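Peer 1: This is the structure I have questions about; it appears just below.
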Amino acid sequence: MPIEELIRIGRVLPIVRWGEPVMHTPTREVTDFGSSLQVLLGDMFATNSAANGAGLAATQVGIDLAVFVFDCHDAEWNRRVGLVCNPTVAFAERRNRRFVELDEGCLSLPGAFVETRRPDYAICRGQDQFGDDIEISGTGTLARCFQHETDHVNGLVFADRLPHRARKELQARYERVARHFPSDWPASPATK
């Protein structure tokens, strides 16, 4: 299905929180690009939109498949919408690599953000919803999204990349707002 149609067909699913095994285990490769994958992708787009997210991996809706969707801006504020199955991420050569420290959060730890250092440019390779090879370059939030979501596919959450003090601060920030996010959020809205 074209992305425009995938965006229209989905239903909002609850987002799985950190600590659930699916969030911390490497995923299975996507090998079947049939109708069940298309339905999952539609649901992921709907869930990401309802949560006002930049991206969402299948693990975040409890499915251990190597796929994520994205809907965010690059460094030039161009909106980019898409998906990547079986993603890998590459960066600029070390001597050309530039790092940026920005607030980062995760829909699976809603409402909590902490400064995280990541390369400002990334290339994501994988397959599209039809199984065709793709390569997408990204800057800004898009580059960060590629890195963050590919980590999810590999069983990592972004706190795994943080120093101990930053991890503790992130957890404390989450604990202050967690009561506002029902267990089935965003299927049920957050409270004020």
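The values are calculated or read from the model by the stated rules, or taken from the named source; none is laboratory data. Quick caveat, the model's predicted, so the values are computed rather than measured. As a convention, Cβ positions derive from the backbone with ideal geometry for all residues, glycine included, and neighbour counts pool all protein chains shown. These accessible areas exclude ligands, DNA and RNA; they are computed on the full protein's heavy atoms, side chains included. Shrake-Rupley method; radii C 1.70, N 1.55, O 1.52, S 1.80 Å.
Peer 1: Residue by residue through region 145-192, note down the ones that are among the aromatic types (Phe, Trp, Tyr) and more than 15 Å from the chain's Cα centre (by Cα).
Peer 2: First, the residues of region 145-192 that are among the aromatic types (Phe, Trp, Tyr): 146, 158, 174, 181, 185.
Within region 145-192, Tyr174, Phe181, Trp185 qualify.
Peer 1: Considering only residues that are touching a Phe, Trp or Tyr at 6+ places or on another chain (Cβ under 6 Å) and within 17 Å of Phe70 (Cα to Cα), which ones fall in region 154-192? Give the derivation first.
Peer 2: To start, the set of residues in region 154-192 that are touching a Phe, Trp or Tyr at 6+ places or on another chain (Cβ under 6 Å) comprises 157, 190.
Answer for region 154-192, where residues must be touching a Phe, Trp or Tyr at 6+ places or on another chain (Cβ under 6 Å) and within 17 Å of Phe70 (Cα to Cα): just Val157.
Peer 1: How about region 16-26: which of its residues are within 20 Å of Arg144 (Cα to Cα), in a loop (DSSP other than H, G, I, E, B) and hydrophobic (A, V, I, L, M, F, W, C)?
Peer 2: Matches in region 16-26: Trp18 only.
Peer 1: Among the residues in region 113-126, are any open to solvent by less than 70 Å² (accessible area, probe 1.4 Å), outside any strand (DSSP E or B), over 26 Å from Glu5 (Cα atoms) and touching a Pro at 6+ places or on another chain (Cβ under 8 Å)?
Peer 2: No, the conditions are met nowhere in region 113-126.
Peer 1: Looking at region 1-24, I want the residues that are of a type in the set (Lys, Arg) and have a partner that is assigned to a loop (DSSP other than H, G, I, E, B) with Cβ atoms under 6 Å, at least 6 apart or on another chain. Which pairs are those?
Peer 2: As it stands, the answer is Arg17/Ser108, since those pairs meet every condition given.
Peer 1: On to the next question. Any residue in region 155-184 that's at positive phi and part of a loop (DSSP other than H, G, I, E, B): show its pairings with residues that are open to solvent by 70 Å² or more (accessible area, probe 1.4 Å) and among the small types (Gly, Ala, Ser) at Cβ separation under 6 Å, as long as the two are six or more apart or on different chains.
Peer 2: Every condition considered, no pair remains.
Peer 1: Return a yes/no flag: does region 27-35 have any residue that is open to solvent by less than 40 Å² (accessible area, probe 1.4 Å) and either assigned to a strand (DSSP E or B) or in contact with a Lys or Arg (Cβ under 7 Å, 6 or more places away or on another chain) (or both).
Peer 2: Checked region 27-35: no residue is open to solvent by less than 40 Å² (accessible area, probe 1.4 Å) and either assigned to a strand (DSSP E or B) or in contact with a Lys or Arg (Cβ under 7 Å, 6 or more places away or on another chain) (or both).
Peer 1: Can you tell me which of Asp151, Asp103 is touching a Phe, Trp or Tyr at 6+ places or on another chain (Cβ under 9 Å) and assigned to a strand (DSSP E or B)? Talk me through it step by step, then tell me what you get.
Peer 2: On the way: Asp151 fails: assigned to a strand (DSSP E or B).
Being touching a Phe, Trp or Tyr at 6+ places or on another chain (Cβ under 9 Å) and assigned to a strand (DSSP E or B) holds for just one of Asp151, Asp103, which is Asp103.
Peer 1: Without any contact (Cβ under 8 Å) to a residue 40 or more places away in the chain and polar (S, T, N, Q) - does that describe any residue in region 89-96? Outline the logic, then answer.
Peer 2: First pass over region 89-96, keeping only residues without any contact (Cβ under 8 Å) to a residue 40 or more places away in the chain: 90-96.
Right, trim to polar (S, T, N, Q) and you get 96.
The answer is yes, given that some residue of region 89-96 is without any contact (Cβ under 8 Å) to a residue 40 or more places away in the chain and polar (S, T, N, Q).
Peer 1: For Cys145, only one of the following conditions fails: (1) farther than 19 Å from Thr59 by Cβ; (2) open to solvent by less than 30 Å² (accessible area, probe 1.4 Å); (3) of a type outside the set (D, E, K, R). What is its number?
Peer 2: Checking Cys145 against (1) farther than 19 Å from Thr59 by Cβ; (2) open to solvent by less than 30 Å² (accessible area, probe 1.4 Å); (3) of a type outside the set (D, E, K, R), the one that fails is (1).
Peer 1: Right, another one. Of everything in region 36-71 that's in a strand (DSSP E or B) and open to solvent by 10 Å² or more (accessible area, probe 1.4 Å), which residue is farthest from Leu107 (Cα to Cα)?
Peer 2: Here is the first cut: in region 36-71, the ones in a strand (DSSP E or B) are 55-57, 65, 67-71.
Still in the list and also open to solvent by 10 Å² or more (accessible area, probe 1.4 Å): 65, 71.
On the way: Leu65: 17, Asp71: 14 Å.
So the residue we want is Leu65.
Peer 1: Go through the residues of region 6-25 one by one and say whether even a single one is in contact with a Leu (Cβ under 8 Å, 6 or more places away or on another chain) and acidic (Asp, Glu).
Peer 2: The answer is no; no qualifying residue exists.
Peer 1: Counting only residues that are farther than 17 Å from Glu104 by Cβ and either without any contact (Cβ under 8 Å) to a residue 60 or more places away in the chain or open to solvent by 10 Å² or more (accessible area, probe 1.4 Å) (or both), how many does region 72-83 have? I'd like the intermediate steps shown before the answer.
Peer 2: Residues of region 72-83 that are farther than 17 Å from Glu104 by Cβ, as a first pass: 76-83.
Adding the requirement that they be either without any contact (Cβ under 8 Å) to a residue 60 or more places away in the chain or open to solvent by 10 Å² or more (accessible area, probe 1.4 Å) (or both) leaves 76-81.
Selection size over region 72-83: 6.
Peer 1: Another one. Within region 119-142, work out how many residues are in contact (Cβ under 8 Å) with a residue 40 or more places away in the chain and either among the polar types (S, T, N, Q) or touching a helix residue (DSSP H, G or I) at 6+ places or on another chain (Cβ under 8 Å) (or both).
Peer 2: The qualifying residues number 8.
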